[in-house]
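The values are calculated or read from the model by the stated rules, or taken from the named source; none is laboratory data. Just so it is clear, the model here is predicted, and its values are computed rather than measured. FYI the Cβ positions are ideal-geometry reconstructions off the backbone, even for glycines, and counts take in every protein chain you see.
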Amino acid sequence: MNDGSNPFEAFMRQAQEMAKAMNPALETFSPKGFEALWPTMPKEFMEMSFGKGLNKNGLDAKTRLLITLSGLTMLGAQSDTQIRVTVRHALAAGATKDEIAETIGMMSMFAGIPAMTRAMEFAQDVLNEAETEDDTS
């Protein structure tokens, strides 16, 4: 009964074939492209939404995002999109590249070197984009 094929791989192949049939441009689709479509929230909005509106002495947006980044790293850095979006928002909230790198690096003691390295690679994508944007501005 078992033909030895991986059901997930078969499902993914079928989904790719369907996408290609509907729109040939989807053959080269990358979910990473969607990240650029999400706007970065202003720091003030993040602080109002996630704490400062309810508790004026609460954590600021930058600290909350660095904590979120450490949590995403602790999960084994499985969520590349969430890590990149969190890094982008942390930069907008005033975090420095060094603070982002330190936050991820600190997680090597808790999540392990592989998770830290993977999260750092995802973060580096965003940091390189930010450098490129700064150079062209």
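Key figures
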{"quantity": "Qualifying residue in the range 32-46 (condition: among the hydrophobic types (A, V, I, L, M, F, W, C) and modelled with pLDDT of 75 or more)", "calculated": "no"}
{"quantity": "L59, sole failed condition from (1) in contact with a Lys or Arg (Cβ under 9 Å, 6 or more places away or on another chain); (2) exposed (fewer than 15 other Cβ atoms within 10 Å of the Cβ); (3) free of Cβ contacts under 8 Å to residues at least 24 places away in the same chain", "calculated": "(2)"}
{"quantity": "Matching residues, the range 85-100, being without any contact (Cβ under 8 Å) to a residue 24 or more places away in the chain and closer than 16 Å to M74 by Cβ", "calculated": "T86"}
{"quantity": "Counted residues, the range 1-31 - those being closer than 29 Å to V126 by Cα, modelled with pLDDT under 75 and exposed (fewer than 10 other Cβ atoms within 10 Å of the Cβ)", "calculated": "4"}
